[in-house]
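These notes are about the structure you will find just below.
FYI, it's all coordinate maths here, none of it is from the lab. Everything quoted here is computed from the prediction, not taken from an experiment. Please note: Cβ atoms are built from the backbone with ideal geometry, for glycine as well, and neighbour counts cover all protein chains shown.
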Amino acid sequence: MIIWKAMVFRQLIGFDRNYQEYSCVILCYHDSTVGQGKMNCVEQVLKKHIGNRKKIEDELFEAVLLLQDKKECRAFFEDICTPAEIEALVGRWQVAILLNKDMPYRVVSEKTGVSLATVTRVARFLHNGSLGYRIVLDRMDKK
């Protein structure tokens, strides 16, 4: 028996020459007749998308590693990010630096203009995340 769920995933698949977004919509369903270890076609599509996304993420990170100095880095990020995205990244980085100095959350929020929710989120990743903040902050302290 197939049970349809009202879940829709949008997948960007490209742009036309006028930069209009093309996307496909996938309606998810649960097939109760599919046994353990089997996937319905929707799950296969999503699994393929996740694999492609990881490959593209890896390519992006490799591209960042090719940057040789601050000038190149600034040019790359100005091209790939909107001014608001750069501002958000800068704000989070400033929060991480101040939290690393054991500054209270509320003071960090007031000093940076970043919301208390974002300060809390950065603190969580600073202490329990992938250690990205920690690696870079420790390396900068050694300079």
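A few notes on this one:
- Cα gyration tensor shape for the range 82-142, rounded if a/c is under 1.5, else prolate or oblate: oblate
- Estimated FRET transfer efficiency when R0 is 25 angstrom, pair Asn128-Cys73 (beta carbons, to 0.05): 0.35
- Length gained when the stretch Asp102-Glu59 is fully extended (0.36 nm per residue, less Cα-Cα span): 12.0 nm
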